[in-house]
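Undergrad: Please read through the structure below; I'll follow up with questions.
The values are calculated or read from the model by the stated rules, or taken from the named source; none is laboratory data. Being a predicted model, the structure only gives us computed values, none of them experimental. Neighbour counts are summed over all protein chains in view; Cβ atoms, including those assigned to glycine, are modelled from backbone coordinates with ideal geometry. Only protein heavy atoms, including side chains, enter the accessible area calculation; ligands, DNA and RNA are left aside. Shrake-Rupley method; radii C 1.70, N 1.55, O 1.52, S 1.80 Å.
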Amino acid sequence: MPCLFCEIVAGRIPARVAYQDDTVLAFHDINPQGPVHVLVIPKRHITSLTDLTPQDDVLVGSLVRRARDLAQAEGLEDRGFRLVFNHGPDAGYSVYHVHLHLVGGRKLGWPPG
Ligand code: 5GP
Ligand code: ZN
């Protein structure tokens, strides 16, 4: 079965794209957990955090900085926001293509549920 997020990268499954360049795609989550919920992903398939190598350090940095830029663009800089990578069953990792969640626009509980 093809990877869902690779299908979105390929344009075969539609998504509300917030940003893209050669290596990164950002799109709005289909089931938002806040007024802002964007997923920032590498265009290249990486199954999980386990598969990251030192060669991916620049890519991971670009995911984080892009999520930060999108948060700023959404006006969340002052009130705050959260960036989350899930991994494994305890964290509810459900789409096996590395993705960074940007969630904000409401008061977020800590610790997370
Ligand atoms: P995870 O739980 O794996 O960290 O997060 C996967 C995220 O992908 C969830 O927040 C879920 O709502 C989102 N998602 C699942 N399927 C789709 C889809 O087809 N389109 C979009 N835009 N988001 C999706
Ligand atoms: Zn994929």
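Undergrad: Residue 19 fails exactly one of the following numbered conditions: (1) closer than 24 Å to residue 2 by Cβ; (2) outside any loop (DSSP other than H, G, I, E, B); (3) open to solvent by 60 Å² or more (accessible area, probe 1.4 Å). What is the number of that condition?
TA: Residue 19 satisfies all of (1) closer than 24 Å to residue 2 by Cβ; (2) outside any loop (DSSP other than H, G, I, E, B); (3) open to solvent by 60 Å² or more (accessible area, probe 1.4 Å) except (3).
Undergrad: Something else now. Need the failing condition index for residue 102 against (1) open to solvent by less than 60 Å² (accessible area, probe 1.4 Å); (2) within 16 Å of ligand 2 (Cβ to nearest atom), just the number.
TA: (2)
Undergrad: Another one. Looking only at the range 79-96, decide whether some residue is more than 15 Å from ligand 1 (Cβ to nearest atom) and either assigned to a loop (DSSP other than H, G, I, E, B) or of a type in the set (Lys, Arg) (or both).
TA: yes
Undergrad: Sticking with this structure for a sec: Give the residues of the range 14-28 that are within 16 Å of ligand 2 (Cβ to nearest atom) and within 17 Å of residue 94 (Cα to Cα), sorted by residue number.
TA: Once the filter is applied, which keeps residues that are within 16 Å of ligand 2 (Cβ to nearest atom) and within 17 Å of residue 94 (Cα to Cα), the range 14-28 yields only 27.
Undergrad: Right, something else. Quick check: anything in the range 34-48 more than 16 Å from ligand 2 (Cβ to nearest atom) and open to solvent by 60 Å² or more (accessible area, probe 1.4 Å)?
TA: Yes - at least one qualifying residue is present in the range 34-48.
Undergrad: Quick one: residue 6 ticks every box in (1) in a helix (DSSP H, G or I); (2) more than 15 Å from the chain's Cα centre (by Cα); (3) within 14 Å of ligand 1 (Cβ to nearest atom) bar one, so which box is it?
TA: (2)
Undergrad: Kindly indicate which of 25, 39 is under 30 Å from residue 107 (Cβ atoms), in a strand (DSSP E or B) and either modelled with pLDDT under 95 or near ligand 1 (Cβ under 8 Å from one of its atoms) (or both).
TA: Checking each option against the conditions leaves just 39.
Undergrad: Turning to a different aspect of this structure: What about residue 59, is it open to solvent by less than 20 Å² (accessible area, probe 1.4 Å) and either within 16 Å of ligand 2 (Cβ to nearest atom) or of a type in the set (Val, Ile, Thr) (or both)?
TA: no
Undergrad: Show the residue pairs that are 6+ apart or on different chains and have beta-carbon atoms under 8 Å apart, the first residue being within the range 6-25 and more than 13 Å from residue 43 (Cβ to Cβ), the second being at pLDDT 95 or above and of a type in the set (Asp, Glu).
TA: Pairs found: 13/7.
Undergrad: Report yes if some residue within the range 67-79 is under 20 Å from residue 104 (Cα atoms), touching a helix residue (DSSP H, G or I) at 6+ places or on another chain (Cβ under 7 Å) and open to solvent by 70 Å² or more (accessible area, probe 1.4 Å); otherwise report no.
TA: yes
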